[in-house]
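Written below as structure tokens is the structure these notes are about.
Bear in mind these aren't lab numbers, they're just calculated from the coordinates by the rules spelled out. Being a predicted model, the structure only gives us computed values, none of them experimental. Cβ placement follows ideal geometry from the backbone for every residue including glycine, while neighbour counts extend to all protein chains displayed.
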Amino acid sequence: MTAITSPAPALEWQHVSLDLGEFALRDVSLRVDDGAWIAIVGATGAGKTLLLETAAGFLRPTSGRVVRGGIDVSGEPPEQRGVAYAPQDDLLFPHLDVRRNLTFGAIACGGDVGRVAELAAHLGIAHLLDRRVAHISGGEAQRVALGRALLSGASLLLLDECTSALDEVTRAHIGEVLARERGERRLSIVQVTHDLTEAHRLADAVVEMERGHLREGVHHASSIRAHHAPGGARRVSG
């Protein structure tokens, strides 16, 4: 008899805990299937960013595992994980112009340098390509950081409030850009947001964090399967 196996998830937190003294992530288990988009919501200080940082490789769990494509990457550096991280505070290179900030993402990670102009146009920052990032607004900087992440060629995006400085119309447009990129490249996306409307409009499923752990239940669209996977991890499938 031939065994039928499920493909490895894009990302999985397996009983992840992180003790930081005054705050801790506690036994977080969540599986994100290939091509899925999930949103993580919750109050400020709930641990959403810390959870993303364990996946990105900036923080190592005290216990539990971070699994990427079926491989335990808990001890691997960020550059070995095949993920792109777009933080709320952009983390751009202030001595470079917008074009070189975007190009850096492609060159450093083997992405598509030829898409810089095209993607800049989609993100509404084409007119800023030759401007230093010290002379652009917070919302423009967030779009540059998002463009850099998209140009990296990574198949998993970790987005941490990366559109928080945008007005409602621009945020909706950027959501459409992300949705198109996801469909064309089969990206997996984990997005931290305080915008519940955006979360339910864009994501396949929404999970809520509270004081360092995931609350029970996954809110998902009718066409999305979300159930408890073996081992207790919530599973989100695209």
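Here the calculated FRET efficiency for residue 96 and residue 126, from their Cβ-Cβ distance with R0 = 22 Å, stands at 0.85, rounded to the nearest 0.05.
Compared with the dominant principal axis of the Cα atoms in the chain, helix 168-185 is inclined by about 70°. Per-residue packing, averaged as other Cβ atoms within 10 Å, sorts the ranges 165-172, 184-191 into the order 184-191, 165-172, beginning with the highest. A straight chain from residue 197 to residue 185 at 0.36 nm per residue would run longer than the Cα-Cα distance by 1.9 nm. A compact globular protein would have a Cα radius of gyration near 2.2 N^0.38 Å; the ratio found for the chain is 0.99. Given springs between every Cα pair under 10 Å in a Gaussian network model of the chain, which of 114, 105, 75 has the largest fluctuation? Evaluated over the chain, the most mobile residue of the options is 114. Packing, as the average of other Cβ atoms within 10 Å across residues, places the peptides 206-213, 148-155, 65-72 in the order 148-155, 206-213, 65-72, highest first. For region 156-162, backbone phi angles converted through the Karplus equation (6.51, -1.76, 1.60; θ = phi - 60°) give residue-by-residue couplings of 10, 9, 10, 10, 10, 6, 7 Hz, Gly and Pro being listed as x.
Computed from Cα atoms, the angle from the helix 98-109 axis to the main principal axis of the chain rounds to 40 degrees. In order along region 199-210, the phi-based Karplus estimate (6.51 cos²θ - 1.76 cosθ + 1.60, θ = phi - 60°) of 3J(HN,Hα) comes to 4, 6, 6, 9, 7, 6, 8, 10, 10, 10, 9, 8 Hz; Gly and Pro are listed as x.
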